[in-house]
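The values are calculated or read from the model by the stated rules, or taken from the named source; none is laboratory data. Since the model is a prediction, treat every value here as computed from it, not as a measurement. Cβ coordinates were reconstructed from backbone atoms using ideal geometry, including for glycine residues, and neighbour counts include every protein chain displayed. All accessible areas refer to the heavy atoms of the entire protein, side chains included, with ligands and DNA or RNA removed. Shrake-Rupley method; radii C 1.70, N 1.55, O 1.52, S 1.80 Å.
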Amino acid sequence: MEIDPHGRMWIVDCGFLNLFDEERFEWHTPRLIILDIDSLKVLHVHEFSPHVAIPPESFLNDLVLDLKHGFVYISDAREQGGLIVYDVERDVSWRFDHSTFAARSLMPLTFCDHRSYPIGPTGFDGIALHPDATTLYYCPLASFELYSIPVSVITNQSTTSQQLSAGISHRGTRPSISDGMAFDAAGNLYFADMQGCSVRKWTPDGSSNVTDSSSVLIGGEIAGPRELQWADTFGFDQNGNLLIATNRLQQFVNGETDYSGASGSNYHLLSTHIGHRSYMEPEAQRSPAPLH
């Protein structure tokens, strides 16, 4: 979910019940729900058609808000991946598919708890919008690669697969898999280093790539292996702090979560000062797009 500068919460309802129980699993139509935080009033609900959210495979996972152009970009984390675009003013949505959205076959990886886990075939997951609203960055979860694409390509519903491929750029190889990622208002990208027990920072420009120019933001002495197991979600407050939610997901999906408390809390919310606000701040004074 995201909260925009106008006090609206944008929530992806992926439509799954009992995701990890094959016998009780239920698929329901995925939706985008827009909620006014002050009044708790639901402003709008958009249901995604089967051509956009493919039953029962699509797993609508994360989103970013393009307030400048009036669009929402949503990651579909099914094995083949997918990118869903929602036009706020027209109340219509469409999807794109591409080989760079798909999961890669990976060997088991060692995480911050010093244990090795298999990596499931999770596709397009991490998604982040540059604050100038010109470029969308993304990565499959089961992959070390990072990619970008101009928003001008994906906001055109008529874009062909050839035009989509021509617009995609490989931005380098990350040192680890990662889940969520986010830009701040100054154009810095933050993402997890699952194997390195840290959160990394990268500032893209015309010549750099994430392989050789990202740096550790927090890790080691600031937050140890317990706190930084599976940094999942990033957010920003109004005081220049980056907020990081961690959840030991690598243990949960493999049925190894310790609920006894013997190994400490499974969930943490960390805060570190970066001196910048959310990627949406450059458009904070823009009038909200109309909702139907």
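Per-structure values
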item	result
Long-range HN-HN contacts of residue 135 with modeled amide H, under 5 Å	130, 151
Cβ-isolated cysteines (cut-off 4.7 Å), the chain	14, 139
Amide proton proximity set for residue 203, modelled H, under 5 Å, gap of 5+	189
Of every Cα-Cα pair in region 1-98, the percent that sits beyond 24 Å	22
Simple spin-label estimate for residue 26 and residue 258 in nanometres, 7 Å along Cα-Cβ	3.5
Where region 154-197 is the region considered: accessible area per residue in Å², 1.4 Å probe	34
222 nm mean residue ellipticity, helices alone, for the chain (DSSP H n ≥ 4; -39,500 (n - 2.57); rounded to 500)	-1000 deg cm²/dmol
Cα-centre dipole for region 1-117 with unit charges at Cβ (Lys and Arg positive, Asp and Glu negative), debye to 20	220
Accessible surface of the chain [probe 1.4 Å, protein heavy atoms]: carbon and sulfur percent	51
Residue-span extension gain [residue 238 to residue 106] - 0.36 nm each, minus C-alpha spacing	43.7 nm
Karplus-derived HN-Hα couplings along region 261-275 (A = 6.51, B = -1.76, C = 1.60, θ = phi - 60°), whole Hz, x at Gly and Pro	x, 5, 9, x, 5, 7, 10, 9, 10, 9, 9, 9, 7, 10, x
Backbone N under 18 Å from the residue 265 label point (7 Å along Cα→Cβ), restricted to region 226-247	226-237, 242-247
Normalised per residue, the volume of the convex hull around the Cα set of the chain (Å³)	142
Per residue accessible area in Å² of region 1-139, where ligands, DNA and RNA are left out and the probe is 1.4 Å	46
Cβ-based net charge around residue 46, under 13 Å, with every Lys or Arg adding one and every Asp or Glu removing one	-3
